[in-house]
Amino acid sequence: MQLAVNIVVLAAIYALISCGYVLIYRVSRVLNLAHGELMLVGAYLLYSTASLLGGSPVTAVAMAAVLGLLVGVLVYVLLMRRMTGEMVLAAVLCTIALGVMLRGATVLIWSAQVRHPMEALGWSNPSLVLIGDARISLISAILIGATAVVYAALFGFLGFTRWGIRMRAAGQNPLLASQRGIQLHGVYALAWGLSTFTAGLAGMLISLDSGLDGTMTMIGLKAFPAALVGGLDSLAGALIGSAIIAIAEVLLIQFVNPLLSDVVPFFVLLVVLVIRPWGLFGSKEELDRV
Amino acid sequence: MANASGYFRTSLGEDLVLLDTRTQKYSCAIFCALLLFAPFVAKPLFIDIANQVFLTAIGALALMLVTGFAGQISLGHAGLLAAGAFTAGILFKEFAAPIWVTLPASACIGAVLGLIFGLPSLRLRGLYLAVSTLGLHFIVVYVGGEYETRRGFSTGIALDPPSIGGWSLSDGRAWYFVLLAFAAGATLFSINLLRSKTGRAWRALRSNETVAEALGVHVAGHKLLAFVISSTMTSMAGCLFAYYRSFVSVEAFSLFLSIQYVAMVIIGGLGSILGALLGTVFVVLLPYIVEWVTAILPLTASISGLIFAINHTVFGVVMVLFLLFEPRGLVGIWQRLQNYFLLWPFRQTPLPGSR
Amino acid sequence: MNRSKLIAALAAFSFTATPWAQDAYVVGLSGAVTGPNADAYAPPVESVRLYIDQLNQRGGVNGKPVRLIVGDNQGEPSKAAADAKKLIAQDNAVLLVSMSVSSAYGPMVAEAKRARVPLLFGAGVCPAEVLPPNPDELQFCSIGFAIKYDAEMALRFIKEQSREPVKLGLVAMAIPVSRAGIDYAESRAPAFGITPVAKEQIPPATPDYTPYASKLKGADPNWVYSWGPWVTEVKTFEALRRLGWTGRYITAAQEPAEDELARVKDESFHVFSANAMFLENLPVHQEMRDAARGAKLTYPITRMADGWVAGMVIEQTLKHVAWPPTPEKVLAALDALKVDTKGLRGGPIEWSKTNHFRNNQHYRVYRWDTKKQAAARVQDWVAMDVK
């Protein structure tokens, strides 16, 4: 039973991170390889706001979330905006460069010490008892809830609101969308903002559960195969892909060799690339014969 | 290639020649002379930097072949280097293999890895090679770590300097010449490859894939060839790296190393051999320059403890600046400089929209 | 125009060896000050720098200042090799110090051997080459931790503290050194009558320790011993507690241990340390606090012990090196070294040609005391003979 709980928590972590990858890829066909670093920035922002506003933790969390959104929009406006229209290769290289820069900047601003936002907020993280003797920590439970809410919100947003439909349109055919009067820059900025918001949320929750240091970017990287397995432009795929990767990882840790956990997402990735490269729910890409 | 003063070659023979004008021949001769005499007058630190540049250049040239011509980002460069280095280390520790066995073995391993990871991803349009090479990186690092632990070399594998007939290669100056030879060989190989039929096919598929396919160029096959050649070269560079440092350890091959190679290619300028070389020099020298600048400026000691972070930030900023404002990289700057002098006292203002 | 002349002059000046540097004892240090493991290695580097600064304020050694040149190798072996080369060839260091991850040891050792400059390991973990009876002639180690003796200490403590049979869980981080330490503990456990029931190896950058902790808990150990970087040691414990495990935990105290005891606040979380913690309030601790007051430190003073001991070793060594210093004289001084650690360690550090580690390894055990709401010592110095 504990295994099932562990799988659900890990799947939730990966799902929350991979919806950011999917959002940006779907809307602008850019792989945002700085997602892990943006997660880190979101978590550090929480630490800063928590240290500043020690008395009111809820405001600190809210402020950190809003700041996360702003960072995403800023990244687009200052940097990625000039890359629209260029080769996708250049845009991805730009995100790599951004990631490197953010990693250096976070150490410069907040130093390499391991931080504990939980302490700064003054909250505690008790473990709740579930069915049987399976345990889950409060923050992990909140994380699962947050993932569910975020996904429901995103589905609703993309399916039913005007801006959501605009985003889908821009993703399907940018030229046609702009001809129809859809403000592409606005749509892209919104996509980046939402993606960074979810990344920041994921970073905050992970750091509340287990401390904050630079290794969080690895998690961001491991969530990338989850997005790919499901299909880089499908939100439902991201959910399913995260579940698959989480199941594989936890079961392999438990029954085979714990060291495989780092490599498992990428093994699954390679298998999927060979069998069905565009993922389970992604839109079909062309295949060349070799 | 055409420069601003015009394109004057009228036969295939003229087109294939490497150096045609007298100026080019003289400046090449002077440059080679400088390179050959430098180690006798330079300080050991500079010889070490030069060695690093040569070693890195081989890897950068390999990456340029993939990125500049197949148009794909490879994030697994560190993994390929690690594969070559570990092949050398493992063969040395288990079988005491000499360098003339380990070097070809590394090349083979590189080729095999290139096939395994290139085959599924290069058939697709888009960034699938980037993704699969990321997987390559983690898998190679995992295998290397497992080997280190299972065989008890917890702090890494130490290698003896390579010996050829009793004379062992451990002096910095001797390494300089060996690495210079390898780097020059790799450069010549790349240039010749680009002038050959394969190179022309690559140029065609870079300009317009659909038209190239229509003309009979096998697009996916040539992309795969570029990646396999690139991974072979990189593996060999990894093997040399292992011998140069006399030490192989899995921690040296991080994702940041892959990103550094990608940066070399970007900063140098995509699609040109000279770009790979200029980019290498820039990226290898950048940390030393940053260190020197922070040492000169009157900052407190605690700032100098943050060198790593400063390096990262400066590195990222430089990459972004090049991508935004100088997409043709250092080669673009070089060509603009060249054109300025070629056309002086005239100036060329390129038509808007042209390259 | 003037400014560029000035800059050019500065450039030329900085590229030549500055003459005034020759009039000092030059010690070169290569450390992982920044990089993935900065949290563990930056504090010792900071504290040894602090020690040398206040040593110079007191007049230096033999009337001459000590110049400590710090290179940041970011935990990368190639940078460590480059640092070592530069420190020896360019800065004329007579003593090299390493405060870095174990993967950087190989290149530094090779460089030191090439130039025949002694190498002191100041932070991290001691390599096997410093242990008696035949240590490598150039390698010395002042670090508190050592693979074998740590494991022996932990096993002995567990045995003494338990009345019921012990089922031991073992935790390592999936890096070669940590795994080697835990494998050694596993092999020695039967000699103490302890049965190892589970062994977990956790990859370095793991977001969630719960899967590993649940696997560990499934084997139902009543004691868990963990040896590796602090992040693995403490996060495994927290994950185990979240899963409702009620057993006792012992682990090696790394630099952050003293502060973390206050954060974790669990009585069953034991740490053993070769350094006396600040809660003991020894005179040497007051000395460290005074020195830290003026300087702006990035890390809390509680993480400074290993670096301070390294500073003491450097001072004592150089005292016995007559001017002008050469690596051979430093090597001779190191081979006959005797340092009084003023209570920071359980005993003096004594080196000879056959022992570059120490004659006795002392440990104290600490844990959190809920009644006093502070960390407290559980066991006084236990000496282990180093053979």
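Any read-out appearing in this document is the output of simple, stated calculations on the displayed coordinates, not a laboratory observation. Owing to the predicted nature of the structure, the values given are computational and were not obtained by experimental measurement. For neighbour counting, all protein chains shown are included, and Cβ atoms are generated from backbone atoms with ideal geometry for every residue, glycine included.
Some observations on this one:
- Helix C:176-188 axis versus longest C-alpha principal axis of chain C: approximately 40°, rounded to the nearest ten.
- Sum of side-chain charges, C:E258 neighbourhood, beta-carbon under 15 Å (Lys, Arg +1; Asp, Glu -1): -1
- Among C:R58, B:R9, sorting on how many other beta-carbon atoms sit within 10 Å of each Cβ, with the fewest leading, yields C:R58, B:R9.
- Each of the peptides A:195-202, C:298-305, A:122-129 was scored by the mean count of other Cβ atoms within 10 Å over its residues; in descending order, highest first, they stand as A:195-202, C:298-305, A:122-129.
- Nearest-ten-degree value, helix C:105-115 long axis tilted from longest Cα axis of chain C: 30 degrees
- Most positive-pole-ward Cα, C:W368, C:V197, B:V293, against dipole of the protein assembly as shown from beta carbon charges: B:V293
- Net charge in the neighbourhood of C:G244 (other residues with Cβ under 10 Å of its Cβ; Lys, Arg +1, Asp, Glu -1) is +3.
- In a reduced charge model with +1 at each Lys and Arg Cβ and -1 at each Asp and Glu Cβ, region B:21-253 shows a dipole moment near 780 debye about its Cα centre.
- As a ratio to 2.2 N^0.38 Å, the alpha-carbon radius of gyration computed for chain C takes the value 1.03.
- Since only B:I139, B:M233, B:A33 are under comparison, the one whose Cα sits farthest along the positive direction of the charge dipole of region B:21-253, derived from C-beta charges on Lys, Arg, Asp and Glu, is B:A33.
- Within region A:237-253: backbone nitrogen closer than 16 Å to the A:V274 label point (7 Å, Cα to C-beta): none
- Three-way shape label, the protein assembly as shown, alpha-carbon gyration tensor, a/c 1.5: oblate
- Cα gyration tensor shape of region C:19-103, rounded if a/c is under 1.5, else prolate or oblate by comparing a/b with b/c: oblate
- Mean residue ellipticity (222 nm) of the protein assembly as shown, computed from DSSP H runs ≥ 4 via -39,500 (n - 2.57), nearest 500: -20000 deg cm²/dmol
- Extending 7 Å from Cα along the Cβ direction at B:V290 and again at A:V129 yields two label points whose distance is 5.2 nm.
- Averaged over the residues of peptide A:200-212, the number of Cβ atoms from other protein chains lying within 10 Å of each residue's Cβ is 2.
- Chain A: DSSP helices with Cα axial extent of at least 18 Å and average Kyte-Doolittle hydropathy no lower than 0.0: A:2-28, A:35-52, A:57-78, A:88-110, A:138-160, A:184-210, A:216-230, A:235-255
- Distant-in-sequence amide H partners of C:A376 (H built 1.01 Å from N, under 5 Å): C:R367, C:W368, C:D369
- Too-long pairs where the Cα-Cα distance tops 28 Å, listed order kept, from C:K217/C:K265; C:K159/C:K353; C:K148/C:K319: C:K159/C:K353; C:K148/C:K319
- Cβ-based exposure ranking for C:S178, B:S196, B:S190, in which fewest neighbours within 10 Å come first: B:S196, B:S190, C:S178
- Summary of packing: across the peptides A:61-70, A:244-253, A:173-182, A:220-229, the per-residue average of other C-beta atoms within 10 Å ranks them, highest first, as A:220-229, A:244-253, A:61-70, A:173-182.
- Shielding of peptide C:104-111 by partners, expressed as the average count of other chain Cβ atoms within 10 Å per residue Cβ, is 5.
- Two tests apply to each whole DSSP H helix in chain B, Cα reach of 24 Å or more along its axis and mean Kyte-Doolittle hydropathy of at least -1.0, and the ones passing both are B:22-41, B:44-64, B:77-95, B:99-122, B:128-150, B:172-195, B:219-245, B:273-296, B:307-325.
- Region A:136-290, Rg to Rh (Cα coordinates; Rh as Kirkwood inverse mean 1/r): 1.01
- Within region A:40-72, backbone nitrogen closer than 19 Å to the virtual label 7 Å beyond the Cα of A:W163 toward Cβ: A:62-72
- Whether region B:21-253 is rounded, prolate or oblate, judged on the alpha carbon gyration tensor where a/c under 1.5 counts as rounded: oblate
- If only the Cβ of Lys and Arg carry +1 and only the Cβ of Asp and Glu carry -1, the dipole of region A:15-216 around its Cα centre is close to 780 debye.
- Cβ crowding within 10 Å averaged over residues, with A:83-95, B:231-243 ranked highest first: B:231-243, A:83-95
- Legend: mean number of C-beta atoms from other chains within 10 angstrom of residue C-beta atoms, peptide A:85-98, equals 6.
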